[in-house]
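Below: one structure, written as structure tokens.
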Amino acid sequence: MGVDCCFGGGVTSTYAQQAGLKSVKITPHEDSIFRSAHEALHAVKVRRQAAQLKMAFDSISEGIVVTDNEKKVVIYNGAAAKICKTGAADVIGRKVCDIVRDPGIAMTFISKETKPSYLKKIQGNTYAIRHKPVMLDENRIGTVYSFEDITTIQHLEALIRNQLRAKGIVPRYSFDDILSRNQQMNRCKDLARRYARASASVVIEGGIGNRQGDVRPERTSGQQSCYRPVRRR
């Protein structure tokens, strides 16, 4: 089978003439050159932005996983790879349940938990898990999941308290400001002093109200009331 004619740019036309073949030289229009250059520059910009975005996500200590409506991974940072114990490469586009080996973590992505944030124990560590829908034009296109070790939160809380204490920002009142002759109230003070020595969080639960004479409400400049201790006589 022979060649009757060659079509191409300047290089193709030159080689065709040297070989004694007919050729048609195709010269791109100025607009085509401009459009090609613009698309090439745009592609470089997109790749650069994607690399910067990946660096930003990988610098976050929280595990970040973004999925689409089919639970396919869109974004998966390095911290998430450590928590989920999976490689960060070759996960984009795959279903999250296919790449997460731990059943407890996998349940996070298929759970119907309605709370925007909650605590969950994973592999011996407790994480604060948050999930938020990704909306576009009032349509849900995916979900953002974040995993944060609560020890990190506790460390930051202690750091803030130490800095405030160093600046002289300390509580205005102490247990000595709570004055009462009531045995139950004094027992509560003793228990509170014991609990205050612990570094763990303390949940105080009970009904509101006070015994007459133990505390006296005072109206502040705002709408809230504060209570000051008064000594019984």
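The values are calculated or read from the model by the stated rules, or taken from the named source; none is laboratory data. Model, not experiment: these values are computed from the prediction. Using ideal geometry, Cβ is built from the backbone for each residue, glycine included, and neighbour counts are taken over all protein chains shown.
Quick look at the numbers
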quantity: Segment 69-85, subset at pLDDT 85 or above and loosely packed, with under 15 Cβ neighbours inside 10 Å, residue nearest to ASP102 (Cα to Cα); calculated: GLU70
quantity: Output for segment 177-203, where each listed residue is part of a helix (DSSP H, G or I) and within 26 Å of THR151 (Cβ to Cβ); calculated: ALA192, ARG194, TYR195, ALA196
quantity: Filtered residues of segment 32-79 (kept if acidic (Asp, Glu) and touching a residue at least 40 places away in the same chain (Cβ under 8 Å)); calculated: GLU62, ASP68
quantity: Yes/no for VAL203 being more than 30 Å from GLU62 (Cα to Cα), aliphatic (A, V, I, L, M) and loosely packed, with under 11 Cβ neighbours inside 10 Å; calculated: no
quantity: Scope segment 151-200; condition of a type in the set (Asp, Glu) and over 25 Å from the mean Cα position of the chain (by Cα); matching residues; calculated: ASP176, ASP177, ASP190
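To keep it simple, each residue is scored yes or no on (1) in contact with a Ser or Thr (Cβ under 7 Å, 6 or more places away or on another chain); (2) without any contact (Cβ under 8 Å) to a residue 24 or more places away in the chain; (3) under 20 Å from VAL73 (Cβ atoms); (4) among the aromatic types (Phe, Trp, Tyr).
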{"site": "ASP102", "(1), (2), (3), (4)": "no, yes, yes, no"}
{"site": "ASN125", "(1), (2), (3), (4)": "no, no, no, no"}
{"site": "GLN154", "(1), (2), (3), (4)": "no, yes, no, no"}
{"site": "GLU157", "(1), (2), (3), (4)": "no, yes, no, no"}
{"site": "ILE160", "(1), (2), (3), (4)": "no, yes, no, no"}
